[in-house]
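A.B. asks: So that we are looking at the same thing, I have put the structure below in structure tokens.
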Amino acid sequence: MTSIPFTPALTGPLAGIRVVDLSRLVAGNMLSLQLADFGADVIKVEPPQGDPLREWRDDGHSLYWKTYGRNKRSVMLNLREAAHMAALKALLATADVFIENFRPGTLEEMGLAPETLLAANPDLVIVRISGFGQTGPYAQFPGFGTLVEAMSGFAYRTGFPDREPVLPPLALADMIAGVYGANATVMALFARLRGLSRGQVIDLSLLEPMYSVLGPEAAIYAVTGKVKERSGSASNTASPRNVYRCADGRYVALSGSTPQVARRIFEIIGRPEMNDDPRFASNSARVEHRDLVDAAVGAWFARHTHDEALAIMRDAGATVGPIYSIADIAADPHFRERGIVVDVEDAEFGSLPVHNVVPRLSATPGVFRRPAPALGEHTAEVLAEAGIDPATVR
């Protein structure tokens, strides 16, 4: 497959929006990536040692940075030096959006309190990312996603009932917060465009987006007094729904979340009588007796190989899919033909597979304008654009 070239002249729907990103690691980079992919001029302001995301390496390669640093420009500033801080303030005076993820109060200690920044640039949208928000008893707690994944209720619900709660093996809280943050930023820019506001502050915690994933569990607890417990890959809301092992040792995921599909599954596995059994005739009854449902469905999968089971279920209209590793994804034609994974040009490897721009816009799609920058690669260029002599920050 031909690699997609990075083309700086391409534009997107956010062309003309300047973003100064002072954040580190994942949430802020995920947020600014969404804006950069759709044309915003994202300027990563990094300390002399660089964003710590650069040091998340696999076999010595900074692949996280290559993925989440794309479409951005890098400016290196040592904010402990007065001339460098002055350069940052000059950049912020030209910016539409400012992203930071220091512990609450740090920005104020640096002389960059929101009221100070808004006095100098009344149209600035300031995104403040923290673990638990700018206010409240936990505001000063360290803001790592791991703590949030634990305290949000997410980990309590993840895993098997007879084992410990399970944390996600990736930066899930940061990723979700980054997407929420990009959405909030565009809403603030739209409000500014419509004259509903000028600049404003977005208080974006990692906790609240992560907590929102639980859906109505607070209401369920308040009304019923019940705490939903871990259920492995089964569901507290639908049955049949689980991961099942096939005869060849491979796994599939199946969901019968609607009555029609559930009935169809029982027919496929040769148990049509279950549809008339009061224990399985409704979704709530199936959930209550999901151990019996899973035993029946699991026995059917255990008699068929992975490919046989998928073919039979899919031909009959059941909702079933394979459990993929990244190696399976790399070989799957749907991911390539739809462009979920695309190859982009890379100076180190020739080409590199990355996730495509998400979501897809028909008229103003996102673009690949520039690869992830080297540390400080654009310092002189960006400062000159802001009317700052680059020699003053050497």
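A.B. asks: Please go through region 317-338 and pick out each residue that is open to solvent by less than 30 Å² (accessible area, probe 1.4 Å) and not in a loop (DSSP other than H, G, I, E, B).
C.D. replies: V320, G321
A.B. asks: Starting from residues that are of a type in the set (G, A, S) and open to solvent by 50 Å² or more (accessible area, probe 1.4 Å), keep the ones in region 283-316 and report whichever is farthest from A238 (Cα to Cα).
C.D. replies: A302
A.B. asks: Could you tell me how many of the residues in region 225-265 are farther than 22 Å from R163 by Cβ, among the β-branched types (V, I, T) and part of a strand (DSSP E or B)?
C.D. replies: 1
A.B. asks: Looking at region 191-240 only, could you name the residues that are touching a residue at least 40 places away in the same chain (Cβ under 8 Å) and over 30 Å from N101 (Cβ atoms)?
C.D. replies: Within region 191-240, K228, E229, R230, S231, G232, A234, S235, N236, T237, A238, S239, P240 meet the criteria.
A.B. asks: Out of all the residues in region 150-160, is one or more open to solvent by 60 Å² or more (accessible area, probe 1.4 Å), within 30 Å of V243 (Cα to Cα), assigned to a loop (DSSP other than H, G, I, E, B) and not aliphatic (A, V, I, L, M)?
C.D. replies: Yes.
A.B. asks: A follow-up question, please. Of all the residues that make up region 339-370, how many are over 20 Å from the mean Cα position of the chain (by Cα) and open to solvent by 30 Å² or more (accessible area, probe 1.4 Å)?
C.D. replies: So the count comes out to 10.
A.B. asks: Being modelled with pLDDT of 95 or more and in contact with a Ser or Thr (Cβ under 6 Å, 6 or more places away or on another chain) narrows it down to one of P373, P365, so name that one.
C.D. replies: Of P373, P365, the one residue that is modelled with pLDDT of 95 or more and in contact with a Ser or Thr (Cβ under 6 Å, 6 or more places away or on another chain) is P373.
A.B. asks: What's the number of the only condition in (1) more than 30 Å from Y180 (Cβ to Cβ); (2) assigned to a strand (DSSP E or B) that R314 fails to meet?
C.D. replies: (2)
Conditions (1) open to solvent by 60 Å² or more (accessible area, probe 1.4 Å); (2) hydroxyl-bearing (S, T, Y); (3) over 20 Å from R18 (Cα atoms); (4) in contact with a strand residue (DSSP E or B) (Cβ under 8 Å, 6 or more places away or on another chain), marked per residue:
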{"residue": "L170", "(1), (2), (3), (4)": "yes, no, yes, no"}
{"residue": "A188", "(1), (2), (3), (4)": "no, no, no, yes"}
{"residue": "L193", "(1), (2), (3), (4)": "yes, no, no, no"}
{"residue": "V227", "(1), (2), (3), (4)": "yes, no, yes, no"}
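A.B. asks: Additional query: Could you count how many residues in region 9-30 are out of contact with any Asp or Glu (no Cβ under 8 Å at 6 or more places or on another chain) and either of a type in the set (V, I, T) or farther than 26 Å from K89 by Cα (or both)?
C.D. replies: The qualifying residues number 5.
A.B. asks: Now for a different question. Can you tell me which residues in region 133-172 are touching a Pro at 6+ places or on another chain (Cβ under 7 Å), within 17 Å of L214 (Cα to Cα) and not acidic (D, E)?
C.D. replies: A155, Y156, T158, G159
A.B. asks: Further question: All but one of (1) closer than 30 Å to R128 by Cβ; (2) open to solvent by less than 30 Å² (accessible area, probe 1.4 Å) hold for Y244; state the number of the condition that does not hold.
C.D. replies: (1)
A.B. asks: Here's something else I'd like to know. Checking the conditions here, which among G111, G143 is modelled with pLDDT under 95 and either more than 27 Å from E377 (Cα to Cα) or surrounded by fewer than 22 Cβ atoms within 10 Å (Cβ to Cβ) (or both)?
C.D. replies: Answer to the selection: G143.
A.B. asks: Quick one: in region 371-394, of everything that is touching a strand residue (DSSP E or B) at 6+ places or on another chain (Cβ under 8 Å) and open to solvent by 50 Å² or more (accessible area, probe 1.4 Å), which residue is nearest to D343 (Cα to Cα)?
C.D. replies: Filtering region 371-394 for residues that are touching a strand residue (DSSP E or B) at 6+ places or on another chain (Cβ under 8 Å) and open to solvent by 50 Å² or more (accessible area, probe 1.4 Å), the one nearest to D343 (Cα to Cα) comes out as P371.
A.B. asks: List pairs: first residue in region 298-317 and of a type in the set (A, V, I, L, M, F, W, C), second residue exposed (fewer than 15 other Cβ atoms within 10 Å of the Cβ) and modelled with pLDDT of 95 or more anywhere in the structure, Cβ distance under 7 angstrom, at least six positions apart or on different chains.
C.D. replies: F301/R245; A302/R245; A302/A247
A.B. asks: Pairs please, first residue from region 133-145 and within 19 Å of M175 (Cα to Cα), second anywhere and open to solvent by 60 Å² or more (accessible area, probe 1.4 Å), Cβ atoms under 9 Å, 6+ apart in sequence or on different chains.
C.D. replies: These pairs meet every condition: G133/D203; G133/E208; P142/R103; G143/R103.
The values are calculated or read from the model by the stated rules, or taken from the named source; none is laboratory data. If you're wondering where the values come from, they're calculated on a predicted model, not measured in any experiment. Cβ sites come from the backbone with ideal geometry, for glycine too, and all protein chains shown count toward neighbours. These area figures cover heavy atoms from the full protein model, side chains too; ligands, DNA and RNA do not enter into them. Shrake-Rupley method; radii C 1.70, N 1.55, O 1.52, S 1.80 Å.
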